[in-house]
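The values are calculated or read from the model by the stated rules, or taken from the named source; none is laboratory data. Since the structure is predicted, the reported quantities are computational estimates derived from the model, not experimental observations. Note that each Cβ is placed from the backbone with ideal geometry, even for glycine, and that neighbours are counted across all protein chains shown.
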Amino acid sequence: MEINKKEWLVEADISSMQSAMEAGWLSAEELVGLYLGRISRYDHLLRSILEINPDALEIARALDRERAEKGSRGSLHGIPILLKDNIDTGDNMHTSAGSVALANSFAAADSFVASQLRAAGAVLLGKANMTEWANFMSDSMWAGYSSRGGLVLNPYGPGDLFIGGSSSGSGAAIAANLGAAAIGTETSGSIISPACQNCLVGIKPTIGLVSRSGIIPITNSQDTAGPMTRTVADAAIILGALTGADERDEATLSGAKHACRDYTPFLDAHALSSARIGIPRFYYKHLDESRLAIIEAAIEVLKQAGATIVDPVELPCEQTEWDNHVMRYEFKKYLNDYLEKLDDTVPIHSLQELIAYNEEHAHIALKYGQGTLIWSEETSGTLAEQEYLDSRKKDKELAGKQGIDFALEKHSLDALLFLGNEEGDDLAARAGYPVITVPGGFADKGIIAPGGYTTKGPQGITFIGAAFSEPTLIKLAYSYEQATKHRFPPEAFK
């Protein structure tokens with residue numbers, strides 16, 4: 001009996017797509033067409049995608065011809081992938097960080113991430129909406145809102161459930177299956193949060209594993225790009241394509257020795273049987289009843305799979321009062337570095353000019369104000385202030401050496417376990433360490449959390465490890481995923 005391709009596509013993974021194309025049952029052009037059809041049908045309900053690559057179908061046709069004549073480039077040949085709108089693509093798509101100020105800005109060249117994906121044979125399908133300026137514009141801005149694209153909604157409960165930010169469009173689009181996978185970016189929680197809220201897998205890599213060149217920044221100390229997918233296997237495939245040394249990002253020159261070009265060998269369904277996982281109870285104390293039940297159920301799954309659970313584990317940094325000085329000071333420096341290189345046709349070339357542009361176009365640009373931009377502009381932009389230097393040292397020492405590293409080393413742990421993006425991802429961000437989250441269940445009840453959103457909805461189980469421990473984290477997440485299979489598609493988008 002002939003398979004209905006539209007029905008098959010829902011929850012299809014990258015390996016299945018690749019097998020279908022290799023067998024001749026499906027072409028890359030057809031696959032792109034199927035996704036364009038779903039975007040046309042569904043995305044007006046979500047506002048997850050800012051624009052479609054006008055050349056996507058032609059790129060897919062060229063890749064089909066290449067497959068027929070020369071064979072496949074690998075696992076991503078012909079696979080349609082969305083990119084967050086702060087990732088440069090040197091093509092006919094804009095790169096705007098969700099801002100109307102950059103709505104007509106075309107990047108002069110691909111970011112390293114985009115070039116790596118193209119080299120692997122991926123079709124860059126479009127740009128995903130995002131929280132404007134990666135949620136570093138106003139402390140009252142709703143996660144998922146941009147002046148260019150409006151507010152992204154969560155496909156599991158549009159208008160009701162929290163979407164997560166700032167890779168919000170990437171999360172909603174892949175949850176609703178509007179692309180095979182997406183690339184998000186994270187400074188502190190911006191991949192992990194929307195992945196958790198949208199029943200996805202998300203990987204925030206170690207700083208230095210994936211290049212940041214050609215990505216509109218917040219901070220050089222914490223920014224990174226990473227995959228957002230429906231399965232751990234898909235995330236492993238994409239992560240391998242993203243890694244590599246890039247002379248434009250010094251951190252990758254040392255990070256390259258830790259990089260793998262293929263992370264799929266770490267997809268070990270039995271990895272938990274020999275794992276040691278730490279339970280940092282301090283970070284569970286604010287969980288409501290429904291979410292606490294989900295993390296407790298996950299701990300039971302780990303035990304049943306044979307993992308050694310160390311409960312509780314204490315981190316010396318637990319009582320630390322953290323600040324945002326690193327982001328405040330670095331944002332002005334690195335955003336100015338990016339903006340000053342833009343074409344003369346773009347109306348802004350500095351943070352100061354951005355603030356002025358927004359004021360002049362306040363009716364469309366300032367729905368939530370720009371207090372955070374003004375706060376950053378008040379700094380020198382030289383990174384010479386003692387307040388900044390002290391904060392950067394504090395983050396590295398307390399979150400890393402006296403935080404995550406201390407707990408892992410003291411108890412000989414493979415990873416620490418957190419629910420979703422509950423504080424753990426911020427520790428990892430400050431230290432520059434990797435995080436992976438995988439669907440962990442659905443909270444039917446919730447409470448009203450800070451910001452006015454409900455905590456009910458999809459929840460992620462998050463593993464955090466030491467620097468460059470991505471292979472171990474992928475093993476643990478895959479083993480947990482295979483033991484639970486919590487991922488399910490949103491009902492209205494099947």
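For the stretch 105-146, the candidate set comprises residues that are outside any loop (DSSP other than H, G, I, E, B) and among the hydroxyl-bearing types (S, T, Y); within that set, the residue that is surrounded by the most Cβ atoms within 10 Å (Cβ to Cβ) is S146.
Residue-by-condition table, conditions (1) within 27 Å of A449 (Cα to Cα); (2) part of a helix (DSSP H, G or I):
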{"position": "L302", "(1), (2)": "no, yes"}
{"position": "P312", "(1), (2)": "yes, no"}
{"position": "Q319", "(1), (2)": "yes, no"}
{"position": "M327", "(1), (2)": "yes, yes"}
{"position": "L335", "(1), (2)": "no, yes"}
{"position": "K341", "(1), (2)": "no, no"}
{"position": "V346", "(1), (2)": "no, no"}
{"position": "L354", "(1), (2)": "no, yes"}
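Would it be correct to say that G171 is within 22 Å of T89 (Cα to Cα) and assigned to a helix (DSSP H, G or I)? Yes. One residue alone among S213, S254, S221, S167 is touching a residue at least 40 places away in the same chain (Cβ under 8 Å), under 22 Å from Y156 (Cα atoms) and of a type in the set (S, T, N, Q), and that residue is S167. Scanning the stretch 353-395 for residues that are more than 23 Å from S138 (Cβ to Cβ), surrounded by fewer than 16 Cβ atoms within 10 Å (Cβ to Cβ) and out of contact with any His (no Cβ under 9 Å at 6 or more places or on another chain) turns up T382, A384, Q386, L389, K393. Of the numbered criteria (1) buried (at least 24 other Cβ atoms within 10 Å of the Cβ); (2) in contact with a Phe, Trp or Tyr (Cβ under 9 Å, 6 or more places away or on another chain), the one R248 fails is (1). No other residue among F406, F418 is hydrophobic (A, V, I, L, M, F, W, C), more than 26 Å from the chain's Cα centre (by Cα) and within 23 Å of K285 (Cα to Cα) apart from F406. Just so you know, in the stretch 286-306 the residues that are within 26 Å of the chain's Cα centre (by Cα) and among the charged types (D, E, K, R) include one that is farthest from V438 (Cα to Cα), and it is D288. Among the numbered conditions (1) more than 28 Å from A28 (Cα to Cα); (2) hydrophobic (A, V, I, L, M, F, W, C); (3) more than 15 Å from the chain's Cα centre (by Cα); (4) part of a loop (DSSP other than H, G, I, E, B), the only one that I163 does not meet is (3).
So that you can scan it fast, the table gives a plain yes or no per residue for (1) under 25 Å from A431 (Cβ atoms); (2) out of contact with any Ser or Thr (no Cβ under 8 Å at 6 or more places or on another chain); (3) without any contact (Cβ under 8 Å) to a residue 40 or more places away in the chain; (4) among the polar types (S, T, N, Q):
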site: K445; (1), (2), (3), (4): no, no, no, no
site: I448; (1), (2), (3), (4): no, no, yes, no
site: K456; (1), (2), (3), (4): no, no, no, no
site: G460; (1), (2), (3), (4): yes, no, no, no
site: T472; (1), (2), (3), (4): yes, yes, no, yes
site: L476; (1), (2), (3), (4): yes, yes, no, no
site: T484; (1), (2), (3), (4): no, yes, no, yes
site: P489; (1), (2), (3), (4): no, yes, no, no
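Being in contact with a strand residue (DSSP E or B) (Cβ under 7 Å, 6 or more places away or on another chain) and surrounded by 15 or more Cβ atoms within 10 Å (Cβ to Cβ): is that true of G278 here? Answer is yes for this residue.
Of the residues making up the stretch 39-50, none is farther than 17 Å from A173 by Cβ and touching a helix residue (DSSP H, G or I) at 6+ places or on another chain (Cβ under 9 Å).
Only one of G424, G451, G446, G420 is at pLDDT below 95, surrounded by fewer than 20 Cβ atoms within 10 Å (Cβ to Cβ) and closer than 26 Å to A225 by Cα. Can you tell me which? Steps first, answer last, please.
On the way: G424 fails: surrounded by fewer than 20 Cβ atoms within 10 Å (Cβ to Cβ); G446 fails: closer than 26 Å to A225 by Cα; G420 fails: surrounded by fewer than 20 Cβ atoms within 10 Å (Cβ to Cβ).
Matching residue, one of G424, G451, G446, G420: G451.
How many of the residues in the stretch 207-253 are assigned to a loop (DSSP other than H, G, I, E, B), under 17 Å from P434 (Cα atoms) and of a type in the set (S, T, N, Q)? So that I can check it myself, show each step before the final result.
First pass over the stretch 207-253, keeping only residues assigned to a loop (DSSP other than H, G, I, E, B): 208-209, 211-214, 216-223, 230-231, 244-245, 247-248.
Filter once more, so that each one left must be under 17 Å from P434 (Cα atoms): 208-209, 211-212, 219-223, 244.
So of that shortlist, the ones also of a type in the set (S, T, N, Q) come out as 211, 219-222.
Result for the stretch 207-253: 5.
Screening the stretch 68-101 for residues that are among the small types (G, A, S) and under 24 Å from Y334 (Cα atoms) and picking the one that is surrounded by the fewest Cβ atoms within 10 Å (Cβ to Cβ) gives G90. In the stretch 147-160, is there at least one residue being part of a loop (DSSP other than H, G, I, E, B) and of a type in the set (S, T, Y)? Yes, the stretch 147-160 contains at least one residue that is part of a loop (DSSP other than H, G, I, E, B) and of a type in the set (S, T, Y).
Taken as a whole, the condition of being within 20 Å of A120 (Cα to Cα), touching a residue at least 40 places away in the same chain (Cβ under 8 Å) and aromatic (F, W, Y) does not apply to Y283. Among the residues making up the stretch 192-206, those that are under 18 Å from D249 (Cβ atoms) and part of a loop (DSSP other than H, G, I, E, B) are P205, T206.
Taking each residue of the stretch 420-431 that is closer than 12 Å to S190 by Cα and looking for partners that are of a type outside the set (D, E) and part of a helix (DSSP H, G or I) with beta-carbon atoms closer than 6 Å, six or more apart or interchain, yields G420/C196; N421/I192; N421/S193; N421/C196; D425/I192.
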